[in-house]
Amino acid sequence: MGVPEFVGHECDGCEKCVAICPGLAITLLDYRKDQARPTVVIPYEFSAKRIKKGDTVTVLDSEGTVLGNVEVARVRAPREADRALLVRVTAPADIATRIAGIRVQEPWQAEDAERFVRSIGDDEIVCRCERVTARELRELIRSGIRDMNHLKAVTRCGMGACGGKTCPNLVKRIFREEGIPPEQVADLTRRPLFMEVPLGAFAGVVAGEAPIHDVPRRHATAAHEGGM
Amino acid sequence: MSAQVHDAVIIGAGSVGLPAAVFLAEAGVKTLVVDQFAGPGQGSNKAAIGGIRATHSSPAKIRLCLESLRIFSTWKEAHGDEIEWFQGGYVFVAYREPEERSLKKLLKVQQRYGLNIGWLEREELIALVPDINREGLRGGTYSPEDGSASPMMSSAAFYRRAVELGVQFRFGERATAIIHRKNGVVGVRTDKGGYATETVINAAGAWARPLAQSAGLDTPVVPDSHEAGITEPVARFFNPMLVDIRPTEGARNYYFYQHKPGGLVFCITPDPPVVGTDRRETSEYLPMIAKRMIGLMPKLANIKVRRTWRGLYPMTPDGAPILGWSKALEGYVHAEGMCGQGYMLGPGVGALLARLVRGADSAEDRQILEELRPTREFGAEETLK
């Protein structure tokens, strides 16, 4: 089977396009039998044991928003689909065009993690490289600091050998625990290199070899640079 | 516009604005600071590498930085904040006759202003910095009273002190215009509102020029960018800032030092200058400076680079700041064009501005202001910055 081609009015609802799209991006709507309650064929990449004809499933739009509960009319595993199932549901016309998928996760699993996560203890180390504790950060946040770069300036949190790969999310969690809305918090600036690299690697010097000496180009006359 | 009238409004909570706010508040001036970024020192201050020296060639900069050195070196004792002040001195190295000649020529000027700076012969310099490349080394200047501190920690400290003194801050708010009538300032307009004041200090660094233009003033400040980096911290193995003024392809001088916690902080001056306000790091400068630093100190090949960044230098045509009351607009104070030296000039400039705004400027202040006056001819380049 080659690249599927959409042929407009010649479409006979064979469902091959739904089956072959690796991105699960295609759903097929069929209004031929019922204009008010069309059928929708949805690609589904989970075990056949989880879904069967007659089940009620929750359908979602492309953003994951719940559209409603609908009944499964048919489940089949065509040869063209790479282990995906094609699930046909019947849905009211007002939501049918927006259906993009079937919810597989139980609702509680998608709830706000805050309920299940304990708060960070004051003595716990948030930035392991620079050994910054939650207490230090909390005190600064309580003093009114909302810019993570400001926290970094005072504590070095995020400036260690790891390049700030761990602590920024923990710092954001402490802000949340302190009741600061995320829109009030300025994220810290991330700087390369992200991992430590020997200076010699940038100069073409291999360990153990003599360094390369640069040849100055011209005499320094009126240096006009500032800085230093 | 808020109903409260502020004695002074500072635009920019950076290298200049923060210490100015501290000294104004200490003198009882009710001050408001407005900054477009989310916190203190988030413009170019945090991009400074932290070098502080009084050994310039301009008398005004020498005097301002001598005051800065006093403030930085005594800050922890006076106010308790750690700012990582370290008095390691500065060394300008000479490997060739032309550099030796120009450095020695400048030395005479600097010594005339009473600066503690002298010439180190080759062996003396090797004794001071044992790991320096000895091949071709002739000597260098050494000014032991210069030093370094953490720009980030000192801006946090100045901010903390300013808040303690009652200075108000508006972060994440961009000043868009100076409001003025009949040749006098009446307030500042921002993207979120406005503030009434008869005194406005433009300390907006690389972003100062459009604001000056909104007041009908044009200050010749053009930002260009330099890139810097820092390594992992290691045990101390040398004290001074090392400056190498030999130009090479793509760059003029470069310099580096070991800061108080032990990391090497380094910076290079691109040639030609990279004009604009883009602050995104590039991948070009690190190979350039790595080669040169290892040339100057071969053992650096093994030290690990941790982070790089890029910062803006608000340049004036003659490389010197623009400072003082505007003659054209009453109530407007220029604190613009620090030319990449805002961090080391900041406390000295801030203290002077506090005296100026209160009408308490000294005879020495007036000499500084005469040299840095906004109405000067921007012709000659400085001998060596």
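Since every read-out is calculated from the coordinates, none of them should be taken as a lab result. Predicted model, so just to flag it, every value in this text is computed and none were measured. With ideal geometry, Cβ positions are generated from the backbone for all residues, glycine too; neighbour counts draw on all protein chains shown.
Odds and ends about this structure:
- Sparsely packed loop sites in the stretch B:87-130 (the trypsin sites (Lys or Arg not before Pro) outside DSSP H, G, I, E and B with at most 10 other Cβ atoms within 10 Å) do not occur.
- Once the Kirkwood radius over Cα pairs is known for the stretch A:12-107, the Stokes-Einstein relation at 20 °C and 1.002 mPa s delivers a diffusion coefficient of 162 µm²/s.
- A Förster radius of 30 Å, combined with the Cβ-Cβ distance separating B:Gln111 from B:Thr375, puts the computed FRET efficiency at roughly 0.45.
- Distance from the alpha carbon centroid of the stretch A:55-105 to that of the stretch B:233-265 works out to 63 angstrom.
- Applying a 4.7 Å cutoff between beta carbons, the unpaired cysteines of the protein assembly as shown are A:Cys11, A:Cys14, A:Cys17, A:Cys21, A:Cys129, A:Cys162, B:Cys65, B:Cys267, B:Cys339.
- Loop-resident sites, the stretch B:101-153, for GluC sites (Glu not before Pro), counting at most 14 other Cβ within 10 Å (DSSP): B:Glu135
- In terms of other Cβ atoms within 10 Å, A:Asp122, B:Asp271 run from fewest to most in the order A:Asp122, B:Asp271.
- Using the Cβ-Cβ distance between A:Thr97 and B:Arg280 with R0 set to 56 Å, the FRET efficiency works out to roughly 0.85.
- Report summary: the helix-based calculation at 222 nm, which adds -39500 (n - 2.57) for every DSSP H run with n ≥ 4 and divides by the residues of the protein assembly as shown, gives -7500 deg cm²/dmol.
- 4 °C / 1.567 mPa s Stokes-Einstein diffusion coefficient of the protein assembly as shown, Kirkwood radius on C-alpha pairs, µm²/s: 47
- Pairs from the list A:Lys165/B:Lys61; A:Lys16/A:Lys49; B:Lys46/B:Lys108; A:Lys152/B:Lys104; B:Lys76/B:Lys108; A:Lys16/A:Lys53 with a Cα-Cα gap above 30 Å: A:Lys165/B:Lys61; B:Lys46/B:Lys108; A:Lys152/B:Lys104; B:Lys76/B:Lys108.
- Under 19 Å from B:Lys304, Cα to Cα: aspartates and glutamates that are on another chain or at least 8 residues apart: A:Glu130, A:Glu196, A:Glu209, B:Asp131, B:Glu227, B:Glu232, B:Glu281, B:Glu284
- A straight line joining the Cα centroids of the stretch B:285-331 and the stretch B:54-98 runs 16 Å.
- Contour minus Cα-Cα distance for B:Glu123 and B:Arg355 (0.36 nm per residue): 79.0 nm
- Proximal charge balance of A:Leu24 [Cβ under 11 Å; K/R count +1, D/E count -1]: -2
- Top of A:Val205, A:Val57, A:Val70 by mean-square fluctuation, Gaussian network on chain A, Cα under 10 Å: A:Val205
- A Förster radius of 25 Å, combined with the Cβ-Cβ distance separating A:Phe194 from B:Ala235, puts the computed FRET efficiency at roughly 0.50.
- DSSP-loop GluC sites (Glu not before Pro) across the stretch A:101-201, with at most 16 other Cβ within 10 angstrom: A:Glu111, A:Glu124, A:Glu178
- Neighbourhood charge, 11 Å Cβ-Cβ cut-off, centred on A:Val126 and excluding it, Lys, Arg +1 and Asp, Glu -1: +1
- The slack in the chain from A:Glu111 to A:Asp12, taken as 0.36 nm per residue of separation less the alpha-carbon distance, amounts to 31.5 nm.
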